[in-house]
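*Asks:* First the structure, which I've put down as structure tokens, then a few questions once you've had a look.
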Amino acid sequence: MYYLLTVVNFAFTVYQFMIIAYILMSWVPQMRSTGIGQLLERLVEPYLAPFRRFIPTLGFIDISPIVALITLRLAYDGLYTILVKLM
């Protein structure tokens, strides 16, 4: 069961870093046309799209990725708690 907790922790951590990398790539538009940029877009954009639909931008600042990261962390904490209680 500890193996499952480790895998879940690793998966959530990797996805958080993917979201952060995708956000940082928005500062350099040429990065999105690379192979890694396109891969990150296919993996991260479906998760960010609902947040962008409901959270308006503040001028030029898009805060939806911040809310998405917080939501992802809350989902991880909930799943982790459930898995620990099942042990």
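The values are calculated or read from the model by the stated rules, or taken from the named source; none is laboratory data. Remember, predicted model here, so these are calculated numbers, not experimental data. Heads up, the Cβs are rebuilt from the backbone with ideal geometry, glycines too, and the neighbour counts pull from every protein chain shown. Protein only, heavy atoms only, side chains kept; ligands, DNA and RNA dropped before computing areas. Shrake-Rupley method; radii C 1.70, N 1.55, O 1.52, S 1.80 Å.
*Asks:* Counting only protein heavy atoms, what percent of the accessible surface of the chain is carbon or sulfur at a 1.4 Å probe?
*Replies:* The C+S portion of the solvent-accessible surface of the chain is 74 percent.
*Asks:* Run through the stretch 2-51 and list the chymotrypsin sites (Phe, Trp or Tyr not before Pro) located in a DSSP loop whose Cβ has at most 12 other Cβ atoms within 10 Å.
*Replies:* Sparse-neighbourhood loop chymotrypsin sites (Phe, Trp or Tyr not before Pro): Trp27.
*Asks:* From zero up to wherever the largest Cα-Cα distance of the chain sits, split into 10 Å bins and tell me the percent of pairs in each.
*Replies:* Once binned at 10 Å, the Cα pair distances of the chain give 16, 41, 29, 12, 2.
*Asks:* Here's another thing I want to ask about it. Top mean-square fluctuation among Val28, Val67, Val14, Gaussian network model of the chain, C-alpha springs under 10 Å?
*Replies:* Among Val28, Val67, Val14, the largest GNM mean-square fluctuation belongs to Val28.
*Asks:* Between Tyr80 and Phe17, what FRET efficiency follows from the Cβ-Cβ distance if R0 is 25 Å, with the result rounded to 0.05?
*Replies:* Details: r = 18 Å, r/R0 = 0.71.
Approximately 0.90, to the nearest 0.05.
*Asks:* Taking the Cα centre as origin and putting +1 on Lys and Arg beta-carbons and -1 on Asp and Glu beta-carbons, what dipole magnitude results for the chain, to the nearest 20 debye? Let's see the in-between values first.
*Replies:* Numbers: 6 positive and 4 negative charges, 18 e Å.
Roughly 80 debye for the chain.
*Asks:* ³J(HN,Hα) across the stretch 44-57 via Karplus (A = 6.51, B = -1.76, C = 1.60, θ = phi - 60°), whole Hz, x for Gly/Pro?
*Replies:* Those phi angles translate into 9, 4, x, 6, 7, 4, x, 5, 5, 5, 9, 10, x, 6 Hz.
*Asks:* Taking the chain as the reference, fit the longest principal axis to its C-alpha atoms, fit the long axis of helix 64-86 to the helix C-alpha atoms, and give the angle between the two in degrees, 0 to 90, nearest 10.
*Replies:* Once rounded, the angle reads 10 degrees.
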